[in-house]
2 protein chains.
Amino acid sequence: MDKQQLMECHERIKPFIHNTPVLTSRLIDGMAGARLFFKCENFQRMGAFKMRGAANAIMQLTESQKQNGVVTHSSGNFAQALSLAAQSMGVKAHIVMPRNAPQVKKDAVRGYGGNIIECEPTLEAREQESKEIQKKYGATFIHPSNDDAVILGQGTACKELLELHPDLDHVITPVGGGGLIAGTALAAAYFGNGCKTIGGEPFEGDDAYRSLLSGTIEGNITTNTIADGLKTQLGDRNFPIIQKHVERIIRVTEEEIVSAMRLVWERLKIICEPSSAVALAAVLREKETFKDKKIGVIISGGNVDLVHLPFQKPL
Amino acid sequence: MDKQQLMECHERIKPFIHNTPVLTSRLIDGMAGARLFFKCENFQRMGAFKMRGAANAIMQLTESQKQNGVVTHSSGNFAQALSLAAQSMGVKAHIVMPRNAPQVKKDAVRGYGGNIIECEPTLEAREQESKEIQKKYGATFIHPSNDDAVILGQGTACKELLELHPDLDHVITPVGGGGLIAGTALAAAYFGNGCKTIGGEPFEGDDAYRSLLSGTIEGNITTNTIADGLKTQLGDRNFPIIQKHVERIIRVTEEEIVSAMRLVWERLKIICEPSSAVALAAVLREKETFKDKKIGVIISGGNVDLVHLPFQKPL
């Protein structure tokens, strides 16, 4: 995936995405001892960067593929993204979701026109169900993170950020399935000026950290994290990009995640997901690394359940 | 207060305030059956529009007045605004606050360099204490809402909104002490193109609604509302402006306030105060009035206590 492809991808999806705003906070800069530029993908359509990759993946299909629809398995933001992107382009989206997925997530997918197929809450069941949909409708399977078109699409957020701030020293993203950080790392390499990509990951789900150490894709040992978007693992399409272009992964505690999330809510006055706060938590954990640097922070999404928030007691 | 004065005020305070962004939401537009433009004063410095009026009021003082400092009584956003505006201009700010004000509010005022003087939690005590500070230091008293310089300053938010969207049919603000709506009404009259100002007020604190009916300043009968910024009452400087320029006040229930606040959080992905949500609640309550109109909605502030949120149960 070269620079030209990333540029073409961006032009292609522009009609379907927002060029999201970049926010700053003097107070957070003061706390970090650095200058932070928050790329607010929580303001993206459907509330997360996933819209970018989903739009690009569908637009890369042939006309006959589009007529047969697309299918994915996800209970998170990619389910909503693929549904909305498909709806925007007149394509049918089938979403395989575990039976026990929260009602609010099912409603969101339906609200964007997605066709939900429920399955047992196991990886095997959802892969099996996806295959049946592919057979039944001739639908094209689109993976939420391990897909070249998806990776390129996710990279356009960092490209936009660098268009505004070309001299960032670092760009930091949370690491879940690896699509966002792989796309970001490509964009930083192609459009940055020595801009290095760093990942943030919970200790309670540090598959990417360990994968970079061992040189092979590792699974998660635990996924007992509030950052529910980061429980997935890397794939064979994005891992080589991450190995080549990502400088390192910084792990953070659950307490650090909640504290960073609270900072974003209280100081930036925006809603971000726990997964998004992992990137800021990484910067605050390693202040000496980032001292006086200019740092792009990708706020990956803002879809949270307001009824169950982690702000239990006064600071 | 004429058009020229409002323009001069805006130029004067520009170095001390943000020109805050204007957000839109297709989903909320669809629900309202109108086009809404949210002027996001939650992104203002210290988190609320009050920064505008405070900055203007201090800048209008003579050099010798500035040397003697300023004083106000407030436990809300104006306390923070006057502290930060004063600090930005090298002026001392004395803030009279009730002893039982939340610690988080006291900390915020101190964080902006304000000098807190605690008093008993009664109106008499705080007025008495303010007078003593005026005597002791020669400090100038600045009222949070019933002050010409403050009213003009608050009007600059609407002026900025009309610079971006000159053809608004309505602009809607919450009504507390009356400073914001009076300034907004002046800006709409001077810079709008037939733009009418409407207020939103809780049923549980409808002094402005009743004041407009009776033609005299009425007190609140109850203030049992979540919109804690709106418990104050109108004053003799802003009431005549409101009588002349505000078309009407729409009252909303507590349930409507929480529901509108939740919409702003979930769909705009921004943090707003309950008081701010009153303006949107008014639009949603009277959809027939606003059908197909272009409406400016002032999101007045974003300082909330994340530990005590009203989102108790799933929708």
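The values are calculated or read from the model by the stated rules, or taken from the named source; none is laboratory data. None of these values were measured; they are calculated from a predicted model. Note: ideal-geometry Cβ built from the backbone for every residue, glycine included; neighbour counts use all protein chains shown. These accessible areas exclude ligands, DNA and RNA; they are computed on the full protein's heavy atoms, side chains included. Shrake-Rupley method; radii C 1.70, N 1.55, O 1.52, S 1.80 Å.
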The relative contact order of region A:51-141, taking Cα pairs under 8 Å that sit 6 or more residues apart, comes to a percentage of 32
Here the correct list, in nm and shortest first, of distances from B:Tyr137 to the same site in the other copies, label points 7 Å along Cα→Cβ, is 6.7
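Let me make sure I get this right: for region B:51-141, a, b and c are the square roots of the gyration tensor eigenvalues over alpha carbons, sorted descending. Under 1.5 in a/c it's rounded, otherwise prolate if a/b > b/c, else oblate. Which is it?
Working: a/c = 2.04, a/b = 1.28, b/c = 1.60.
Oblate, because a/c is 1.5 or more while a/b does not exceed b/c.
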One finds the C-alpha centres of region A:248-315 and region B:80-142 to be spaced, in Å, by 33
Rounded to whole angstrom, the alpha-carbon centroid of region B:1-45 lies from that of region A:169-233 at a distance of 38
If exposed means trypsin sites (Lys or Arg not before Pro) lying in a DSSP loop and surrounded by at most 10 other beta carbons within 10 Å, then the longest stretch of chain B lacking such sites spans residues B:100-290
The number of Lys pairs in region B:51-141 whose alpha carbons lie under 16 Å apart, excluding pairs fewer than 8 residues apart on one chain, is 5
The lysines whose Cα lies under 30 Å from the Cα of A:Lys244, excluding any fewer than 8 residues away in the same chain, are A:Lys3, A:Lys14, A:Lys39, A:Lys50, A:Lys159, A:Lys196, A:Lys231, A:Lys287, A:Lys291, A:Lys293, A:Lys294
Heavy-atom accessible area per residue of the protein assembly as shown, all protein chains kept, 1.4 Å probe, expressed in Å², is 40
Computed over chain A, the relative contact order (Cα-Cα under 8 Å, seq sep at least six) in percent reads 21
A student applying the Cα gyration tensor rule (rounded when a/c is under 1.5; otherwise prolate if a/b is larger than b/c, oblate if not) would label region A:186-315 oblate
Sorting from shortest, the nanometre distances separating the label point of A:Glu8 (7 Å past Cα along the line to Cβ) from those of the same residue in the other copies are 6.1
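At a 1.4 Å probe, what is the % contribution of carbon and sulfur to the accessible area of the protein assembly as shown?
Answer for the protein assembly as shown is 47 percent, counting heavy atoms of protein chains only.
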Relative contact order of region A:95-150 (C-alpha contacts under 8 Å, at least 6 apart) in percent is 32
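Where does chain A land at 222 nm, in deg cm²/dmol rounded to the nearest 500, when only DSSP H runs of n ≥ 4 count, each adding -39500 (n - 2.57), divided by all residues?
Using -39500 (n - 2.57) per qualifying helix, the result is -13000 deg cm²/dmol.
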With the dipole of the protein assembly as shown defined by +1 on each Lys or Arg Cβ and -1 on each Asp or Glu Cβ, the option from A:His170, B:Phe203, B:Gln312 whose Cα lies farthest towards the positive pole is A:His170
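Chains B and A: how much accessible area gets covered up at their contact, both sides added, probe 1.4 Å, in Å² to the nearest hundred?
That pair hides around 1800 Å² of surface in total.
Once you charge only the Cβ atoms, +1 for Lys and Arg and -1 for Asp and Glu, what is the size of the charge dipole of region A:51-141 about its Cα centre, to the nearest 20 debye? Can you show the working numbers first?
Details: 11 positive and 8 negative charges, 38 e Å.
Magnitude of the dipole: close to 180 debye.
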Distances in nm between the label point of B:Asn19 (7 Å along Cα→Cβ) and its equivalents in the other copies, shortest first, are 1.7
If every Lys and Arg gets +1 and every Asp and Glu gets -1 at its Cβ, then about the Cα centre the protein assembly as shown yields a dipole, in debye to the nearest 20, of 640
